[in-house]
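The structure appears below as C-alpha cells.
Bear in mind these aren't lab numbers, they're just calculated from the coordinates by the rules spelled out. This one's a predicted model, so the numbers in the text were calculated from it and none came from an experiment.
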Amino acid sequence: MTSLSQIALVGESRSEVLAMYMIVKRFRDIVLSFIGLIVLSPLFLVLMLAIKLDSKGPIVFKQKRVGIHKKHFSILKFRTMRIDTLKDTPTHMLENSEQWITKVGKFLRKTSFDELPRIWNIFRGQISAGDLKEMSLETL
C-alpha cells in the first residue's frame with residue numbers, strides 16, 4: 001500500500017501535494033457534513049425533543065478536546081446523563097454509573113446517536129471526518 005508520503009509526482013513537491021490533499025480533505029469534510037446536517041435534521045429534532053422531555057438540562061453536552069493543529073475546542077454530544085452528575089467525571093469512574101444515565105441517554109449510547117452533534121464540529125473544521133482523532137484534555 002502506498003502512502004501519501006511515498007508518492008513522487010513529477011513537477012510537484014511533497015509540500016504542494018500535501019497542501020492539495022489538505023484542501024481536498026477539508027472540502028470533502030464541508031460537503032459531507034453539510035449534507036449530513038441537512039439529511040439528519042429530522043432525526044436531530046426528534047432526539048432533541050426526546051432529551052428535553054426525558055430530563056431537565058441542556059440538550060447538548062460539551063467537553064474540551066484538542067483537535068487539528070493542537071487547538072482546543074468543545075466537542076459536542078447529545079447529553080446522556082442527568083444534570084446532577086458529578087461534573088467532568090467520566091462514566092466509568094462513577095460508582096453505579098447506570099443510575100446517572102437518562103432513559104433516552106441509554107438509547108443514544110446504545111445506538112451511538114449521542115455522537116451525531118460531532119457533525120457540527122466537522123463542519124466547523126475542528127475535527128475531520130477522515131480521522132476522528134481528538135484527544136480529551138485528561139489524556140494529555
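What the table below lists for this structure:
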item	result
Cα gyration tensor, the stretch 18-93 - rounded (a/c under 1.5), prolate or oblate	oblate
Interchain or long-range residues, amide H under 5 Å from MET81's placed H	THR102
